[in-house]
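Below is one structure; the comments refer to it alone.
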Amino acid sequence: MPKNIVGFCGLSGKPADYGAASIVVQPIPFDKTSTWQKGADKGPAALIEASQYLEFNDIETDSEVLNKGIFTALPIRAATSDALIKKTDSTVSHYLEDNKFVIALGGEHSVSVGVIKACARHYENLSILHLDAHADSRDSYEGSRYNHACVIARAREYTENIVSVGIRSMDMSERAGMDRKRIFFAHEIYDSDTWIPKAVRLLSNNVYVTIDVDVFDPGIMPSTGTPEPGGLGWYQVLKLLRAVSKAKRIVGFDVVELCPSSNKAPDFLAAKLAYTFLSYIFSDRAVRKPKDK
(Lines give C-alpha, C1' and ligand atoms only; values in the text may rest on other atoms or scores of the structure.)
Protein backbone atom coordinates (compact mmCIF):
# COMPACT_ATOMS: atom_id res chain seq x y z
CA MET A 1 0.00 0.00 0.00
CA PRO A 2 1.32 3.46 -0.83
CA LYS A 3 2.27 5.52 2.18
CA ASN A 4 0.21 8.45 0.97
CA ILE A 5 -2.49 9.11 -1.62
CA VAL A 6 -4.36 12.30 -2.41
CA GLY A 7 -8.01 11.63 -1.80
CA PHE A 8 -11.42 13.26 -1.63
CA CYS A 9 -11.17 16.99 -0.94
CA GLY A 10 -7.41 16.74 -1.38
CA LEU A 11 -6.98 15.03 1.96
CA SER A 12 -4.06 12.75 2.59
CA GLY A 13 -5.03 9.09 2.46
CA LYS A 14 -2.42 7.78 4.88
CA PRO A 15 -3.49 4.55 6.61
CA ALA A 16 -2.94 6.22 9.98
CA ASP A 17 -5.80 8.61 9.20
CA TYR A 18 -8.34 5.79 9.00
CA GLY A 19 -8.83 5.46 12.74
CA ALA A 20 -9.70 9.12 13.23
CA ALA A 21 -12.04 9.36 10.22
CA SER A 22 -15.84 9.21 10.49
CA ILE A 23 -16.22 8.88 6.73
CA VAL A 24 -14.67 6.49 4.21
CA VAL A 25 -14.72 7.28 0.50
CA GLN A 26 -14.41 4.07 -1.50
CA PRO A 27 -13.60 4.39 -5.22
CA ILE A 28 -14.84 1.48 -7.36
CA PRO A 29 -13.56 2.12 -10.92
CA PHE A 30 -15.44 -0.71 -12.65
CA ASP A 31 -16.91 -0.47 -16.16
CA LYS A 32 -17.44 -3.95 -17.59
CA THR A 33 -21.17 -3.93 -18.44
CA SER A 34 -22.08 -0.37 -19.50
CA THR A 35 -23.97 -0.53 -22.76
CA TRP A 36 -23.22 2.70 -24.60
CA GLN A 37 -20.42 5.12 -23.81
CA LYS A 38 -17.54 3.65 -21.85
CA GLY A 39 -15.41 5.55 -19.35
CA ALA A 40 -17.27 5.28 -16.03
CA ASP A 41 -14.19 3.56 -14.61
CA LYS A 42 -12.52 6.99 -14.85
CA GLY A 43 -15.35 8.59 -12.86
CA PRO A 44 -14.03 8.12 -9.30
CA ALA A 45 -10.65 9.68 -10.09
CA ALA A 46 -12.26 12.60 -11.93
CA LEU A 47 -14.65 13.28 -9.04
CA ILE A 48 -11.84 13.09 -6.48
CA GLU A 49 -9.67 15.43 -8.55
CA ALA A 50 -12.50 17.96 -8.86
CA SER A 51 -13.21 17.75 -5.12
CA GLN A 52 -9.87 19.39 -4.39
CA TYR A 53 -11.30 22.67 -5.71
CA LEU A 54 -14.41 22.76 -3.52
CA GLU A 55 -14.96 25.44 -0.92
CA PHE A 56 -15.27 23.36 2.22
CA ASN A 57 -17.70 25.58 4.14
CA ASP A 58 -21.23 24.46 3.29
CA ILE A 59 -23.34 27.64 3.33
CA GLU A 60 -26.71 25.97 3.83
CA THR A 61 -25.70 24.01 6.93
CA ASP A 62 -22.99 26.46 8.06
CA SER A 63 -20.66 23.54 8.60
CA GLU A 64 -17.42 21.95 7.41
CA VAL A 65 -18.03 18.23 7.24
CA LEU A 66 -14.36 17.86 6.38
CA ASN A 67 -13.72 18.18 10.13
CA LYS A 68 -15.45 14.85 10.73
CA GLY A 69 -12.48 13.15 9.09
CA ILE A 70 -12.62 11.72 5.58
CA PHE A 71 -10.45 8.78 4.61
CA THR A 72 -10.08 7.85 0.94
CA ALA A 73 -9.48 4.14 0.48
CA LEU A 74 -7.56 2.50 -2.32
CA PRO A 75 -9.80 1.57 -5.27
CA ILE A 76 -11.56 -1.77 -5.37
CA ARG A 77 -10.76 -3.51 -8.66
CA ALA A 78 -11.96 -6.83 -10.07
CA ALA A 79 -12.05 -8.62 -13.40
CA THR A 80 -15.69 -9.77 -13.15
CA SER A 81 -18.95 -8.60 -11.61
CA ASP A 82 -19.12 -11.62 -9.28
CA ALA A 83 -15.63 -10.95 -7.97
CA LEU A 84 -16.36 -7.25 -7.57
CA ILE A 85 -19.50 -7.85 -5.51
CA LYS A 86 -17.71 -10.25 -3.17
CA LYS A 87 -14.75 -7.93 -2.72
CA THR A 88 -16.96 -4.86 -2.21
CA ASP A 89 -19.25 -6.63 0.25
CA SER A 90 -16.28 -7.76 2.35
CA THR A 91 -14.56 -4.37 2.26
CA VAL A 92 -17.64 -2.29 3.09
CA SER A 93 -18.67 -4.73 5.84
CA HIS A 94 -15.30 -4.09 7.49
CA TYR A 95 -15.89 -0.33 7.38
CA LEU A 96 -19.38 -0.67 8.84
CA GLU A 97 -18.07 -2.84 11.67
CA ASP A 98 -15.61 -0.02 12.38
CA ASN A 99 -18.54 2.41 12.58
CA LYS A 100 -17.54 4.33 9.44
CA PHE A 101 -19.94 6.11 7.12
CA VAL A 102 -19.26 4.86 3.60
CA ILE A 103 -19.52 6.67 0.26
CA ALA A 104 -18.92 4.56 -2.83
CA LEU A 105 -17.81 6.26 -6.04
CA GLY A 106 -18.47 4.45 -9.32
CA GLY A 107 -17.93 3.26 -11.89
CA GLU A 108 -21.01 1.87 -13.58
CA HIS A 109 -24.14 1.39 -11.52
CA SER A 110 -23.54 -2.31 -10.87
CA VAL A 111 -20.89 -1.32 -8.30
CA SER A 112 -23.73 -0.46 -5.91
CA VAL A 113 -24.76 -4.10 -5.46
CA GLY A 114 -21.91 -5.09 -3.14
CA VAL A 115 -22.35 -1.95 -1.03
CA ILE A 116 -26.10 -2.50 -0.71
CA LYS A 117 -25.53 -6.14 0.25
CA ALA A 118 -23.19 -5.10 3.08
CA CYS A 119 -25.53 -2.37 4.33
CA ALA A 120 -28.57 -4.67 4.25
CA ARG A 121 -26.73 -7.16 6.46
CA HIS A 122 -25.56 -4.47 8.88
CA TYR A 123 -28.75 -2.40 9.20
CA GLU A 124 -32.19 -3.77 9.95
CA ASN A 125 -35.14 -2.87 7.74
CA LEU A 126 -33.04 -1.12 5.10
CA SER A 127 -34.72 0.92 2.38
CA ILE A 128 -33.16 2.34 -0.77
CA LEU A 129 -33.68 5.71 -2.40
CA HIS A 130 -32.79 5.29 -6.07
CA LEU A 131 -32.12 8.43 -8.14
CA ASP A 132 -31.78 7.59 -11.81
CA ALA A 133 -32.98 8.23 -15.36
CA HIS A 134 -33.45 4.49 -15.87
CA ALA A 135 -35.52 1.90 -14.03
CA ASP A 136 -32.54 -0.50 -14.01
CA SER A 137 -34.80 -3.39 -12.99
CA ARG A 138 -34.24 -5.98 -15.71
CA ASP A 139 -33.52 -9.39 -14.23
CA SER A 140 -30.86 -9.93 -16.88
CA TYR A 141 -29.42 -7.90 -19.73
CA GLU A 142 -26.94 -8.86 -22.43
CA GLY A 143 -26.47 -12.23 -20.75
CA SER A 144 -25.64 -10.88 -17.29
CA ARG A 145 -27.69 -10.58 -14.11
CA TYR A 146 -25.13 -8.02 -12.92
CA ASN A 147 -25.36 -5.65 -15.86
CA HIS A 148 -25.75 -2.02 -14.86
CA ALA A 149 -29.32 -2.27 -16.18
CA CYS A 150 -30.09 -4.86 -13.47
CA VAL A 151 -28.92 -3.10 -10.30
CA ILE A 152 -32.40 -2.54 -8.84
CA ALA A 153 -33.43 -6.11 -9.59
CA ARG A 154 -30.39 -7.26 -7.61
CA ALA A 155 -31.07 -4.73 -4.85
CA ARG A 156 -34.56 -6.23 -4.40
CA GLU A 157 -32.85 -9.43 -3.28
CA TYR A 158 -31.87 -7.53 -0.11
CA THR A 159 -34.87 -5.23 0.40
CA GLU A 160 -38.26 -4.70 -1.20
CA ASN A 161 -38.45 -1.13 0.09
CA ILE A 162 -37.04 0.79 -2.87
CA VAL A 163 -38.20 4.23 -3.96
CA SER A 164 -37.10 5.36 -7.43
CA VAL A 165 -37.01 9.03 -8.46
CA GLY A 166 -36.38 10.74 -11.81
CA ILE A 167 -37.14 7.71 -13.99
CA ARG A 168 -37.77 8.52 -17.65
CA SER A 169 -36.55 5.44 -19.51
CA MET A 170 -37.54 1.78 -19.13
CA ASP A 171 -38.13 -1.42 -21.05
CA MET A 172 -41.60 -2.98 -21.38
CA SER A 173 -40.29 -6.05 -19.56
CA GLU A 174 -39.74 -3.99 -16.41
CA ARG A 175 -43.40 -3.07 -15.99
CA ALA A 176 -44.58 -6.35 -14.50
CA GLY A 177 -42.49 -6.12 -11.34
CA MET A 178 -42.97 -2.40 -10.88
CA ASP A 179 -44.65 -0.96 -7.78
CA ARG A 180 -46.17 2.15 -9.31
CA LYS A 181 -46.63 3.79 -5.90
CA ARG A 182 -42.86 3.74 -5.34
CA ILE A 183 -41.75 5.29 -8.62
CA PHE A 184 -41.69 9.03 -9.24
CA PHE A 185 -41.39 9.50 -12.98
CA ALA A 186 -39.59 12.62 -14.16
CA HIS A 187 -42.48 13.81 -16.30
CA GLU A 188 -44.72 13.82 -13.22
CA ILE A 189 -42.40 15.67 -10.83
CA TYR A 190 -40.20 17.99 -12.89
CA ASP A 191 -42.31 21.12 -12.24
CA SER A 192 -43.17 20.60 -8.57
CA ASP A 193 -41.71 19.68 -5.18
CA THR A 194 -45.00 18.54 -3.61
CA TRP A 195 -44.10 14.87 -4.19
CA ILE A 196 -41.02 14.98 -1.96
CA PRO A 197 -42.78 14.40 1.41
CA LYS A 198 -44.59 11.38 -0.06
CA ALA A 199 -41.34 9.88 -1.31
CA VAL A 200 -39.75 10.38 2.11
CA ARG A 201 -42.65 8.74 3.95
CA LEU A 202 -42.34 5.59 1.86
CA LEU A 203 -38.80 4.97 3.15
CA SER A 204 -37.96 3.10 6.35
CA ASN A 205 -35.81 4.74 9.01
CA ASN A 206 -32.52 3.30 7.67
CA VAL A 207 -31.94 4.53 4.12
CA TYR A 208 -29.23 3.83 1.57
CA VAL A 209 -29.14 6.31 -1.31
CA THR A 210 -27.86 5.35 -4.75
CA ILE A 211 -27.35 8.27 -7.12
CA ASP A 212 -26.82 7.68 -10.81
CA VAL A 213 -25.72 11.08 -12.11
CA ASP A 214 -27.93 10.65 -15.18
CA VAL A 215 -30.85 11.54 -12.90
CA PHE A 216 -29.80 15.13 -13.67
CA ASP A 217 -30.75 16.78 -16.92
CA PRO A 218 -27.93 16.34 -19.47
CA GLY A 219 -27.83 20.12 -19.81
CA ILE A 220 -25.95 20.17 -16.49
CA MET A 221 -24.72 16.56 -16.49
CA PRO A 222 -23.66 15.55 -20.00
CA SER A 223 -20.81 13.36 -18.71
CA THR A 224 -22.61 10.08 -18.27
CA GLY A 225 -22.73 6.90 -20.31
CA THR A 226 -26.44 6.89 -21.13
CA PRO A 227 -27.82 10.46 -20.98
CA GLU A 228 -31.57 11.01 -21.11
CA PRO A 229 -33.30 14.35 -21.80
CA GLY A 230 -35.74 15.76 -19.29
CA GLY A 231 -33.78 15.16 -16.11
CA LEU A 232 -34.02 16.83 -12.73
CA GLY A 233 -32.32 20.05 -11.72
CA TRP A 234 -29.64 20.64 -9.10
CA TYR A 235 -31.86 22.23 -6.44
CA GLN A 236 -34.68 19.75 -6.92
CA VAL A 237 -32.32 16.86 -6.18
CA LEU A 238 -30.85 18.70 -3.19
CA LYS A 239 -34.32 19.39 -1.76
CA LEU A 240 -35.07 15.69 -1.86
CA LEU A 241 -31.75 14.72 -0.28
CA ARG A 242 -32.14 17.29 2.49
CA ALA A 243 -35.69 16.15 3.23
CA VAL A 244 -34.58 12.53 3.52
CA SER A 245 -31.58 13.47 5.64
CA LYS A 246 -33.77 15.40 8.10
CA ALA A 247 -36.39 12.69 8.44
CA LYS A 248 -34.41 9.46 8.18
CA ARG A 249 -31.07 7.89 9.05
CA ILE A 250 -28.86 7.82 5.95
CA VAL A 251 -26.57 4.81 6.38
CA GLY A 252 -24.52 5.26 3.20
CA PHE A 253 -24.68 6.44 -0.37
CA ASP A 254 -23.04 6.17 -3.74
CA VAL A 255 -22.48 8.42 -6.74
CA VAL A 256 -22.13 6.42 -9.96
CA GLU A 257 -22.03 6.58 -13.77
CA LEU A 258 -19.89 9.71 -14.09
CA CYS A 259 -18.19 9.32 -17.47
CA PRO A 260 -15.68 12.21 -17.58
CA SER A 261 -14.74 14.19 -20.66
CA SER A 262 -12.75 17.35 -21.34
CA ASN A 263 -15.62 19.30 -19.74
CA LYS A 264 -14.73 19.48 -16.05
CA ALA A 265 -17.98 21.09 -14.87
CA PRO A 266 -19.86 17.77 -14.52
CA ASP A 267 -16.97 16.32 -12.50
CA PHE A 268 -17.23 19.27 -10.14
CA LEU A 269 -21.03 18.88 -9.94
CA ALA A 270 -20.60 15.26 -8.85
CA ALA A 271 -17.96 16.21 -6.27
CA LYS A 272 -20.09 19.01 -4.88
CA LEU A 273 -23.11 16.70 -4.75
CA ALA A 274 -21.19 14.20 -2.61
CA TYR A 275 -19.82 16.89 -0.31
CA THR A 276 -23.17 18.69 0.05
CA PHE A 277 -24.99 15.46 0.85
CA LEU A 278 -22.37 14.64 3.48
CA SER A 279 -22.88 18.11 4.95
CA TYR A 280 -26.63 17.48 5.20
CA ILE A 281 -26.20 14.05 6.77
CA PHE A 282 -23.75 15.03 9.49
CA SER A 283 -25.42 18.35 10.23
CA ASP A 284 -28.81 16.70 10.63
CA ARG A 285 -27.36 13.91 12.77
CA ALA A 286 -25.96 16.54 15.13
CA VAL A 287 -29.38 18.11 15.77
CA ARG A 288 -31.48 14.94 15.76
CA LYS A 289 -32.83 13.89 19.14
CA PRO A 290 -31.29 10.69 20.57
CA LYS A 291 -34.62 8.82 20.37
CA ASP A 292 -34.68 9.45 16.62
CA LYS A 293 -31.31 7.84 15.96
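Report, as a whole number in µm² per second, the diffusion coefficient that Stokes-Einstein gives for the stretch 1-123 at 25 °C and 0.890 mPa s using the Kirkwood radius over alpha carbon pairs.
Details: Rh = 15.1 Å.
Estimated via Stokes-Einstein, D reaches 162 µm²/s.
Rolling a 1.4 Å probe over the protein heavy atoms of the chain, with every protein chain left in place, gives an accessible area that is 50 percent carbon and sulfur. For the stretch 68-130, the list of GluC sites (Glu not before Pro) that fall in a loop by DSSP and count at most 16 other C-beta atoms within 10 angstrom reads Glu124. Count Lys and Arg as plus one, Asp and Glu as minus one, and take only other residues whose Cβ is under 12 Å from that of Thr88; the net charge is then +1.
DSSP loop (so not H, G, I, E, B), at most 13 other Cβ within 10 Å: list which chymotrypsin sites (Phe, Trp or Tyr not before Pro) in the stretch 9-51 pass both filters.
Those satisfying the criteria are Trp36.
In loop segments of the stretch 15-47 as defined by DSSP, the trypsin sites (Lys or Arg not before Pro) with at most 13 further C-beta atoms inside 10 Å of their C-beta are Lys38.
In deg cm²/dmol, rounded to 500, what helix-only [θ] at 222 nm does the chain give when every DSSP H run of at least 4 residues adds -39500 (n - 2.57) and the total is split over its residues? Write down the numbers at each step before the final one.
Values: 8 runs with 90 residues, N = 293.
For the chain, the value works out to -9500 deg cm²/dmol.
Compute the accessible area per residue over the chain, keeping the other protein chains in place, probe 1.4 Å, unit Å².
Working: 12660 Å² over 293 residues.
Normalised by residue count, the accessible surface of the chain is 43 Å².
Converting the Cα gyration tensor eigenvalues of the chain into ellipsoid dimensions via √(5λ) gives semi-axes, longest first, of 25, 22, 20 Å.
Assuming R0 = 25 Å, what is the FRET efficiency of Arg121 and Ser22, from their Cβ-Cβ distance, to the nearest 0.05? It comes out at approximately 0.75. In this entry, the stretch 204-287 is assigned a mean projected area of 5.4 nm², taken as a quarter of its C-alpha convex hull surface.
Say R0 is 41 Å: what FRET efficiency, to the nearest 0.05, do Asn99 and Val6 get from their beta-carbon distance?
Values: r = 25 Å, r/R0 = 0.61.
It comes to 0.95.
In straight-distance terms, cross-link reach from Lys117 covers every one of the aspartates and glutamates whose alpha-carbon lies under 15 Å from its own, apart from those fewer than eight places away in the same chain; here that gives Asp82, Asp89, Glu97, Glu157, Glu160, Asp254. Of the peptides 65-72, 200-207, the ranking by mean beta-carbon count within 10 Å, highest at the top, reads 65-72, 200-207.
For the pair Phe56 and Glu188, label points projected 7 Å from Cα toward Cβ lie 4.3 nm apart.
The values are calculated or read from the model by the stated rules, or taken from the named source; none is laboratory data. Source: prediction; values computed, not measured. Positions of Cβ are backbone-derived with ideal geometry, glycine not excepted, and every protein chain shown enters the neighbour counts. Note: areas computed on protein heavy atoms with side chains; ligands, DNA, RNA excluded. Shrake-Rupley method; radii C 1.70, N 1.55, O 1.52, S 1.80 Å.
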